[in-house]
Amino acid sequence: MNEIRPAVAEDGPSILQMVRALQTERRVGSPDALSETLIRNALFGRVPSVRAFVAETGVSLAGLAFYAPSFSIFRAGPALHVDFVYVKPSYRGSGVARALLAAIAGYGRDHGIGAITWLSARAGEHEERLVASLGVRPHDNLRFVRVPIASFERRGIGSLPWSQKASRQPA
């Protein structure tokens, strides 16, 4: 039975395996820094920081997509941010990634969310075809910048008096 469903805690080992495979494939991140506990806490902890849909084949997981609530100033409303979509190589080109994104879009529609932002690496023909099949094109005037918090600390950014007040604001 093939289905797209929300990830559950028991998926932790398979999710970790796929995230590490993606990191290795794309040569990003540090696979050794990840642990099943970290993934479990991010997805299922007291205050989850991310959600996921998985593609299940009945025997194993074929793919997954991480997403989180966001806000779009361009659309002036809630949005969903897709952090990544991963499909195991043997399932690529079979519609798994499209089904995962459709599940996220369905979640958004059901919760009154009008847009999805997705940062996709230009890494392969499957991704290029997927983006084209959605009838969208990447924004030429936007770029993605990921800045580790430690970069601010190393450069002394945040030592200004007004930033101390901002950092103590309640969550």
Residues of the range 80-103 being surrounded by 15 or more Cβ atoms within 10 Å (Cβ to Cβ) and of a type in the set (Ser, Thr, Tyr), which ones? Tyr86, Tyr91, Ser94
Pairs needed: first member in the range 62-79, touching a residue at least 60 places away in the same chain (Cβ under 8 Å) and surrounded by fewer than 15 Cβ atoms within 10 Å (Cβ to Cβ); second member anywhere, part of a strand (DSSP E or B) and charged (D, E, K, R); C-beta distance under 7 Å; at least 6 residues apart or different chains. none
Do any helices (runs of 4 or more DSSP H) entirely within the range 54-171 hold 1 or more residues that are closer than 30 Å to Arg27 by Cβ, modelled with pLDDT under 80 and among the small types (Gly, Ala, Ser), and if so, which? 125-133, 149-154
Go through the range 18-53 and give me each residue that's at pLDDT 85 or above and open to solvent by less than 40 Å² (accessible area, probe 1.4 Å). Met18, Val19, Ala21, Ile39, Ala42, Leu43, Gly45, Val50, Ala52, Phe53
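The values are calculated or read from the model by the stated rules, or taken from the named source; none is laboratory data. Computed from a prediction, not measured in an experiment: that's the story for all the values here. Please note: Cβ atoms are built from the backbone with ideal geometry, for glycine as well, and neighbour counts cover all protein chains shown. For accessibility, only protein heavy atoms count, side chains too; no ligands or nucleic acids. Shrake-Rupley method; radii C 1.70, N 1.55, O 1.52, S 1.80 Å.
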